[in-house]
1. Under 6 Å between Cβ atoms, which residue pairs at least 6 apart in sequence (or on different chains) link something in the range 141-169 that is under 17 Å from N84 (Cβ atoms) and surrounded by 16 or more Cβ atoms within 10 Å (Cβ to Cβ) with a partner that is at pLDDT below 95 and aliphatic (A, V, I, L, M)?
2. Do we find that S79 is closer than 13 Å to V157 by Cβ, more than 13 Å from the chain's Cα centre (by Cα), assigned to a helix (DSSP H, G or I) and at pLDDT 90 or above in this structure?
3. Pick from Q100, Q115, Q107: which is part of a loop (DSSP other than H, G, I, E, B), of a type outside the set (D, E, K, R) and either within 27 Å of D20 (Cα to Cα) or touching a residue at least 24 places away in the same chain (Cβ under 8 Å) (or both)?
4. Those residues that are out of contact with any His (no Cβ under 9 Å at 6 or more places or on another chain) and surrounded by 18 or more Cβ atoms within 10 Å (Cβ to Cβ), I need them from the range 117-133; list them, please.
5. In the range 7-48, what residues are at pLDDT below 80 and either surrounded by 13 or more Cβ atoms within 10 Å (Cβ to Cβ) or outside any loop (DSSP other than H, G, I, E, B) (or both)?
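The values are calculated or read from the model by the stated rules, or taken from the named source; none is laboratory data. Computed from a predicted structure; not experimentally measured. FYI the Cβ positions are ideal-geometry reconstructions off the backbone, even for glycines, and counts take in every protein chain you see.
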Amino acid sequence: MKPNEKFAVPSSFYHSLYYDKQSIISLDCELKEQQIKRLLKEFPFIFDILEEVGDKFPKPWEDRNQMIPILLESWSETSDMLSNLFKRRVRNETRGPMLQSISLYIQFLYWVNEQAVPGLQNIVSDMLKLEYTPINIEERMAFILSRPDSYHAYIQVSQLFEEGKKYFYKQNAVLKYQNIDQQ
């Protein structure tokens, strides 16, 4: 993907909360590490979309140890903002950050499973095919997606991230231990 190149969002990523038939993405930068957090915020599922359109770019699910901490840092920043908004009861300003948080979590879940997000049209049922999923993911995500700007959805996303982070760091520790044993 070259800077300032435009492309249509693939139909598999059409979802009423994110993209539709008229959605066009125009990247104004090369995909370099310093731009990753900005791209995650501005274009939900950008890396997964680029995978589908066949572009050469970093594949976060193949370099989890570098990319997932960046994604988790983005979540932390967004979570702090949301916490403040909900404390001040400014619900009308929570929708954008909540949609960003939901997209970050969906990407996190797939990337932890070393896969790209396949699309959004059947996202809740598609999650059940992953090796690792939190308990009751289907019901929890259905609730979150049906009320994305509610405080209770924020609490669910926060809990899902906490559960997922524990799994990610435990998995890394086990792999590190296995690598030490093999030496």
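1. D149/M98; Y154/L82
2. So S79 passes the test.
3. Q115
4. Within the range 117-133, V117, M127, T133 meet the criteria.
5. L27, L31, E33, Q34, Q35
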